[in-house]
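Novice: This is the structure I want to talk about, given as C-alpha cells.
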Amino acid sequence: MEKVIGIDLGTTNSCVAIVENGAPVVIPNRGGYKTTPSMVAVTEAGKRLVGHIAKRQAITNAENTVYAAKRLIGRKWTSPQVKNSIAMSSYRIVEGPHRDVRIVLREKEFGVPEISAMVLQEMKVIAEDYLGEAVHKAVVTVPAYFNDNQRQATKDAGEIAGLDVIRIINEPTAAALSYGFGRNVEKTVAVYDFGGGTFDISVLEIGAHGVFKVIATAGDTFLGGEDIDARVIDWLVEGFKEEHGIDLRQDRMALQRLKDAAEKAKCELSSVRETEVNLPFIISNGRNEALHLQRTLTRQELEELSSDLIERTIDICKQTLEDAKLEKDEIEEVVLVGGMTRMPKIQASVEQFFEKEPNKGVHPDEVVALGASIQGAALTDDRHQMVLLDVTPHALGIMTFGSYFEELIPQNTTVPTHRTKIFTTSRDHQTAVKILVMQGESERAEDNELLGEFILTGLRRAPKGTVEIEVTFEINADGIVSVRAKDFETGLEQSIQVTATSGLTRDEIKTMMDDAKGDLVDRRTSEEFEAKKQEADKLIAEIEKLFPQVEQIVASSDFGREAIEKAKAIVGKARTAIERRDVAAIKEQIEGLTRTHRMFKGVVAKT
Ligand code: AMP
C-alpha cells in the first residue's frame, strides 16, 4: 500500500509524520531534529538551501533568505497583509504578473508556492530517507482560517514539490485528530493553536468510533509569535535609538541579528524570569567605532509588550464560542498547539478564559503533523476507520446588484456541502451575467475576498427580473470551491472550479515543477558526490601510503612496473573525476581503486 505522509507546513517550522504499525510517528531530519525551519535561501553561488542550513546563514545572507513565506501564500499584492510583510521582511517582495506576490532571490523571481514547495520537497526527502522508498502522497495542513486562494496555493506548492496532496486539512482539526486518536473519548474540545505566524481556534466534538466534527473555527492569519518578536525588536530598536541616536532598522544585517535575538529572548523567558540580549558590534557609529547592544528583558516586560496580542486571541476564542453557541463550561478539554503556547502568560490567559487548566499532554510542535498522518492513513487504509467533518471557515457567496454580498453558504457549515439559490436578472434584455464569487463575512462585497469570476452568456432577452438563474456552490473535502450557474429555463450552464485568482497559472506551475525536479537531482547528486568523494579520497590516501613499499618490492619485474603505472593512472583518473564532480566516473574509479588497494595490500603482506 502506498505510504502517505502528513506534513505540517508551518510559518516558522515544518514537521513530517507517518503512521507506522498503526501509530503515528514524527520523522526526524538528518540532523536528528523533529522540526525543520521553513526557511529557504539562495547562496552567492546560486545554490538553494532549505531548513537548518538556510537558517544558519540567514544573518550573513539576509536579503536572500526567505522566512514566513506562509504569510504571503495565496495573497494578493494589494492586500494589507502583504504591505505589512514588505515592511518587515529582509528579503525583497515584488508584484507578480497576476496581481500576486513574488519573492526576489539573487535577481530571480520566485512565486510564493514555489518557495513553500522547496520546504515541502525537503520534508518529502526527509520522509524518503527514513522510509528508504519514494513518497508521492501527502496530507498537508493549513490554518483553519485560510481562504480558498491560500488553500489552492498550498496545493500548488505540493504539486511543484512533486507531491500529490490528497487532502488539505485544518491545523486545529489535525491536532484534535492526534489528541483523540485511539483514545475512544467522547468530548467537546477547544484547540487553541498559537504558532509562529498564525492563530487559530477550533471547537470540535469528538464522538465515539472516530467521528471528529468541527463545530466552529476562527482565527487570524496575521497574528503569531513573529508579532511578539516584532514587539521585542521595536523595544530594542527604540532603546538603542534613545541611547545612540541610530536607527538599527536601516541595516538589514543588524535587523536580522535583532530578529534572532528577540525570538531567542522570548523563548528563554518561557523558562526564566529575565534574560540579557547581547549583540556586540551591532553597528558602527559612523566614526569607525563599533557600537554594542546590551539590554535586560524581564518576563514581565515581555508580557506587557505582548499583552494586547494575547488579548486578541482571547477575543477570538470568545467569538468562536458564541458562534458555536456553547458556554465555556461545555468545553471539556482545551488542547494547546503551536510553539507560542509554551509562553506562561499565554497558558495562564487560556486557563483564565476557559476556567480550566489546558491539556499539555500533546507535543505542541508535533501534534499537527501527527494528525495529518492519521488523516493520510485513514484515507488510504480501511483499517483506520475515521470520519472527519470539518467546516468552512468563511461564508461563501456572490456579489449582487448594488455591490452587496449575497451569502450562499454560511460560515462554519460542515463540508463537503453544496447550496443552490435562484437569482434574477437586474436589467431589461440582459443577455449575460457576471458572477463574482466571494468569500468573507462582510455585507459589502468589496470587503470580502474575490475568489473568481465567470460570465454566463446567451440568456434569453426578457424584462428584468424574469430570467431566473440558478447558482450552485459546492465545497469539497479540501475546502476548495466550485460554482455552477444555470439559466433555469434554457438549461444553459456554465461552471468554474474556483482556482486562485492571485496564484499561479498552470504553465507557471509546470515550469516550477521542472525547476524543482532539477534542483532535487542537483541536491541529491551533491550529497552522493560528497559520500563518494570521501570514499575515493580514503582509498587514494591508503594507496599512496603503500606506494613506496610496493614500488620497492615489485620494481624488478616488468609486470610489477606495469602494475605501478596502472595504479598511478587509476589514482589520476579518480582525481580528475573528483575535480569534475562527476559522480558516475568517481564510482567507476572507486572500483579500480578498491582493486588496486587490495592488490597493494596483498603484495605488502606477502613480504
Ligand atoms: P510553530 O509555528 O508552532 O512552530 O511555533 C513557532 C513559534 O513558537 C515561534 O514564534 C517561536 O518563537 C515560538 N516558540 C517556540 N518555543 C517557544 C518557547 N519556549 N517560548 C515561547 N515561544 C516559543
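Novice: For region 257-281, enumerate the residues that are more than 13 Å from the ligand (Cβ to nearest atom) and touching an Asp or Glu at 6+ places or on another chain (Cβ under 7 Å). Give the steps one after another, and end with the answer.
Specialist: Pass one, region 257-281, residues more than 13 Å from the ligand (Cβ to nearest atom): 257-258, 273-274, 276-281.
Across region 257-281, there are no qualifying residues.
Novice: Still on this structure, please answer the following. Given the criteria under 30 Å from residue 125 (Cα atoms) and not aromatic (Phe, Trp, Tyr), does residue 564 qualify? Please lay out each step first, then the result.
Specialist: On the way: under 30 Å from residue 125 (Cα atoms): no; not aromatic (Phe, Trp, Tyr): yes.
No, not satisfied.
Novice: Suppose we keep only residues that are aliphatic (A, V, I, L, M), in a helix (DSSP H, G or I) and within 25 Å of the chain's Cα centre (by Cα) within region 222-237. Which one would you say is nearest to the ligand (Cβ to nearest atom)? Give the derivation first.
Specialist: Here is the first cut: in region 222-237, the residues aliphatic (A, V, I, L, M) are 223, 228, 230, 232-233, 236-237.
Filter again for in a helix (DSSP H, G or I), leaving 228, 230, 232-233, 236-237.
When the remaining residues are screened for being within 25 Å of the chain's Cα centre (by Cα), the result is 228, 230, 232-233.
Working: 228: 7, 230: 11, 232: 10, 233: 13 Å.
Across region 222-237, the extreme among qualifying residues is 228.
Novice: I'm trying to understand the selection: among the residues of region 55-101, which are open to solvent by 20 Å² or more (accessible area, probe 1.4 Å) and of a type in the set (D, E, K, R)?
Specialist: Selection gives 55, 56, 63, 70, 75, 76, 83, 92, 95, 99.
Novice: Taking into account only those residues within region 356-371 that are part of a loop (DSSP other than H, G, I, E, B) and near the ligand (Cβ under 10 Å from one of its atoms), which is most open to solvent (accessible area, probe 1.4 Å)?
Specialist: Looking only at region 356-371, we keep the residues that are part of a loop (DSSP other than H, G, I, E, B), and these are 356-358, 360-366.
Adding the requirement that they be near the ligand (Cβ under 10 Å from one of its atoms) leaves 364-366.
On the way: 364: 27, 365: 46, 366: 27 Å².
Among them, the one singled out is 365.
Novice: Taking into account only those residues within region 102-122 that are of a type in the set (D, E, K, R) and out of contact with any Phe, Trp or Tyr (no Cβ under 9 Å at 6 or more places or on another chain), which is most open to solvent (accessible area, probe 1.4 Å)?
Specialist: From region 102-122, those of a type in the set (D, E, K, R) are 102, 106-109, 114, 122; that's our starting set.
Within this subset, residues satisfying the condition of being out of contact with any Phe, Trp or Tyr (no Cβ under 9 Å at 6 or more places or on another chain) are 106-109, 114, 122.
Working: 106: 88, 107: 167, 108: 81, 109: 95, 114: 10, 122: 21 Å².
It comes out as 107.
Novice: Could you give me the residue pairs with C-beta distances under 6 Å whose first residue belongs to region 590-603 and is touching a residue at least 24 places away in the same chain (Cβ under 8 Å), whose second residue is surrounded by fewer than 17 Cβ atoms within 10 Å (Cβ to Cβ) and acidic (Asp, Glu) wherever it lies, and which are 6+ apart or on separate chains?
Specialist: Final answer for the pair search is 590/535; 597/542.
Novice: Can you tell me which residue within region 324-355, out of those that are in contact (Cβ under 8 Å) with a residue 60 or more places away in the chain, buried (at least 16 other Cβ atoms within 10 Å of the Cβ) and more than 16 Å from the ligand (Cβ to nearest atom), is farthest from residue 391 (Cα to Cα)? Steps first, please.
Specialist: Here is the first cut: in region 324-355, the ones in contact (Cβ under 8 Å) with a residue 60 or more places away in the chain are 324, 326, 330-344, 346, 350, 354.
Now restrict to residues that are buried (at least 16 other Cβ atoms within 10 Å of the Cβ): 324, 326, 331, 333-343, 346, 350, 354.
Subsequent filtering for residues that are more than 16 Å from the ligand (Cβ to nearest atom) retains 324, 326, 331, 333-334, 354.
On the way: 324: 12, 326: 16, 331: 18, 333: 20, 334: 19, 354: 22 Å.
It comes out as 354.
Novice: I would also like to ask the following. Considering 411, 375, which residue is within 26 Å of residue 150 (Cα to Cα) and assigned to a loop (DSSP other than H, G, I, E, B)?
Specialist: 411
Novice: Next up: Can you confirm whether region 151-159 contains a residue that is within 28 Å of residue 360 (Cα to Cα), in contact with a strand residue (DSSP E or B) (Cβ under 8 Å, 6 or more places away or on another chain) and surrounded by fewer than 24 Cβ atoms within 10 Å (Cβ to Cβ)?
Specialist: no
Novice: State all residues of region 134-149 that are assigned to a strand (DSSP E or B) and open to solvent by 10 Å² or more (accessible area, probe 1.4 Å); if no residue qualifies, say none. Write out each step before concluding.
Specialist: Of the residues in region 134-149, the ones assigned to a strand (DSSP E or B) are 137-142.
137 - this is the single residue of region 134-149 that is assigned to a strand (DSSP E or B) and open to solvent by 10 Å² or more (accessible area, probe 1.4 Å).
Novice: Right, another one. Looking at (1) in contact with a strand residue (DSSP E or B) (Cβ under 8 Å, 6 or more places away or on another chain); (2) under 17 Å from residue 62 (Cβ atoms); (3) within 16 Å of the ligand (Cβ to nearest atom), which one does residue 219 not meet, given that it meets all the others?
Specialist: (2) is the only condition that residue 219 fails.
Novice: Suppose we keep only residues that are small (Gly, Ala, Ser) and out of contact with any helix residue (DSSP H, G or I) (no Cβ under 8 Å at 6 or more places or on another chain) within region 234-269. Which one would you say is least open to solvent (accessible area, probe 1.4 Å)?
Specialist: Restricting attention to region 234-269, the residues satisfying the condition of being small (Gly, Ala, Ser) are 239, 245, 254, 261-262, 265.
Of the ones still in play, those that are also out of contact with any helix residue (DSSP H, G or I) (no Cβ under 8 Å at 6 or more places or on another chain) are 239, 245.
Values: 239: 16, 245: 62 Å².
Per the stated criteria, the residue is 239.
Novice: Looking at residue 65, is it more than 16 Å from the ligand (Cβ to nearest atom) and either farther than 17 Å from residue 253 by Cα or touching a strand residue (DSSP E or B) at 6+ places or on another chain (Cβ under 6 Å) (or both)? Let's see the steps before the verdict.
Specialist: Working: more than 16 Å from the ligand (Cβ to nearest atom): yes; either farther than 17 Å from residue 253 by Cα or touching a strand residue (DSSP E or B) at 6+ places or on another chain (Cβ under 6 Å) (or both): yes.
When the stated conditions are applied, residue 65 passes them.
Novice: Please specify each residue of region 13-36 satisfying the condition of being surrounded by fewer than 24 Cβ atoms within 10 Å (Cβ to Cβ) and within 14 Å of the ligand (Cβ to nearest atom).
Specialist: 13, 26, 33, 34, 35
Novice: Okay, moving on. Pairs under 7 Å by beta carbon, first residue under 19 Å from residue 247 (Cβ atoms) and modelled with pLDDT under 95 in region 261-287, partner away from the ligand (no atom under 16 Å from the Cβ) and in a loop (DSSP other than H, G, I, E, B), six or more apart or different chains?
Specialist: 283/246; 283/251; 285/246
The values are calculated or read from the model by the stated rules, or taken from the named source; none is laboratory data. As the structure is a prediction and not an experimental result, all values here were calculated from the model. Note that each Cβ is placed from the backbone with ideal geometry, even for glycine, and that neighbours are counted across all protein chains shown. Only protein heavy atoms, including side chains, enter the accessible area calculation; ligands, DNA and RNA are left aside. Shrake-Rupley method; radii C 1.70, N 1.55, O 1.52, S 1.80 Å.
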